Amino acid sequence: MPSSEHDFAALLELAESVALAAGELLANRPATFALSEKTSAVDFATQMDIASEKLIVESLLAARPADGIIGEEGAARDSTSGITWVIDPLDGTVNYFYGLPGWNVSIAAKDASGVCIGVVYSPSTNSLWTATRGGGATFNGEAIRCNNPVELDMALLGTGFAYDRERRKYQASIVEKIIPNCRDIRRAGAAAVDLCYVAMGALDGYFEFGLKEWDLAAGGLIAAEAGALVTGDIHAGETVVAAGPALYPSLNALVG
């Protein structure tokens, strides 16, 4: 099906309802955790990551059985409809594990032209961000725009750090370049929320090296639809940079 024929409103409604259901599941945080190691002892999934992905996948496919799936916890399915869902069932697992706010459910849909739907739901902060391609972005139902213009020396920036120690060394070198030249840096612990903060003006810009598709898909669309420039080919190993048009060139020059 050509992308122009997809019903973005219906896809967004489905994504919202599924994200809210997954958020409700996750809000019942367990007293104890079963941890599954991924790339290292500090990179792990909990039983709740897996349960959330199961709920999301089953709900999406019950409504749209021909759609594809890309999920952080391993769900994978080819699409025959032209729509593929990109899912992070629990973005910010470490925050969730430690009882910190900002963890979220991130659900995006993409077609032949790229990401077309984005929903990020953070129950711990009562925050729901949404966007459709060409339709703008919202926070709890209200339209949002990124901060612009902002100069680098007055910019509040967000970033995150990888689990891999060698990548952290590189990220530290970038922070060393940035920190003398900006207002300050925040590290919230969840990439999707950082991108949404750029969209609503809670951050002026964001940069991070090593993101995966499920980290970027929904939040990246939301930031872009709120007027931010969002760049960085993650498949080519590039740093993702998101900022308003005035800030973007100087920020990207330092970190891109």
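What to note about this one:
- Which numbered condition Val94 fails, given (1) among the aliphatic types (A, V, I, L, M); (2) surrounded by 18 or more Cβ atoms within 10 Å (Cβ to Cβ); (3) under 14 Å from Asp215 (Cβ atoms): (2)
- Residue in region 117-136 that is assigned to a loop (DSSP other than H, G, I, E, B), in contact (Cβ under 8 Å) with a residue 12 or more places away in the chain and touching a Cys at 6+ places or on another chain (Cβ under 8 Å) present: yes
- Looking across Ile56, Ile107, Ile50, one residue alone is over 21 Å from Tyr197 (Cβ atoms), β-branched (Val, Ile, Thr) and either buried (at least 22 other Cβ atoms within 10 Å of the Cβ) or in the same structural domain as Leu221 (by TED's automatic domain parsing) (or both). It is Ile56.
- When region 137-153 is filtered for residues that are in contact (Cβ under 8 Å) with a residue 40 or more places away in the chain and loosely packed, with under 14 Cβ neighbours inside 10 Å, the ones remaining, listed by number, are Pro149, Glu151.
- Check on Ile117, under 15 Å from Ala218 (Cβ atoms), assigned by TED's automatic domain parsing to the domain that holds Pro30, crowded, with 23+ Cβ neighbours inside 10 Å and in contact with a Lys or Arg (Cβ under 8 Å, 6 or more places away or on another chain): yes
- Within region 28-47, if we keep just the residues that are part of a loop (DSSP other than H, G, I, E, B) and without any contact (Cβ under 8 Å) to a residue 12 or more places away in the chain, the residue that is surrounded by the fewest Cβ atoms within 10 Å (Cβ to Cβ) turns out to be Ala31.
- In region 94-111, the qualifying residues are those that are β-branched (Val, Ile, Thr) and at pLDDT 95 or above, and the one that is nearest to Ser36 (Cα to Cα) is Val105.
- Residues (modelled with pLDDT under 95, of a type outside the set (Asp, Glu) and either part of a helix (DSSP H, G or I) or surrounded by fewer than 11 Cβ atoms within 10 Å (Cβ to Cβ) (or both)) located in region 1-27: Pro2, Ser3, Ser4
- Qualifying residue in region 208-222 (condition: crowded, with 20+ Cβ neighbours inside 10 Å, under 14 Å from the mean Cα position of the chain (by Cα), among the aromatic types (Phe, Trp, Tyr) and in a strand (DSSP E or B)): no
Table: residues versus (1) under 18 Å from Leu12 (Cβ atoms); (2) of a type in the set (Ser, Thr, Tyr); (3) modelled with pLDDT of 95 or more; (4) not assigned by TED's automatic domain parsing to the domain that holds Gly23.
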{"residue": "Val42", "(1), (2), (3), (4)": "no, no, no, no"}
{"residue": "Ala45", "(1), (2), (3), (4)": "no, no, no, no"}
{"residue": "Pro65", "(1), (2), (3), (4)": "no, no, yes, no"}
{"residue": "Gly68", "(1), (2), (3), (4)": "yes, no, yes, no"}
{"residue": "Gly74", "(1), (2), (3), (4)": "no, no, no, no"}
{"residue": "Arg77", "(1), (2), (3), (4)": "no, no, yes, no"}
{"residue": "Ser81", "(1), (2), (3), (4)": "yes, yes, yes, no"}
{"residue": "Thr84", "(1), (2), (3), (4)": "yes, yes, yes, no"}
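- Test: residue in region 72-87 that is surrounded by fewer than 13 Cβ atoms within 10 Å (Cβ to Cβ), part of a helix (DSSP H, G or I) and among the charged types (D, E, K, R): no
- Ser124 vs. criteria assigned by TED's automatic domain parsing to the domain that holds Glu58, touching a helix residue (DSSP H, G or I) at 6+ places or on another chain (Cβ under 6 Å) and modelled with pLDDT of 95 or more: no
The values are calculated or read from the model by the stated rules, or taken from the named source; none is laboratory data. Bear in mind the structure is a predicted one, so any value in this text is a computation, not a measurement. No Cβ is skipped: glycine too gets one built from the backbone with ideal geometry, and neighbour counts run over all protein chains shown.
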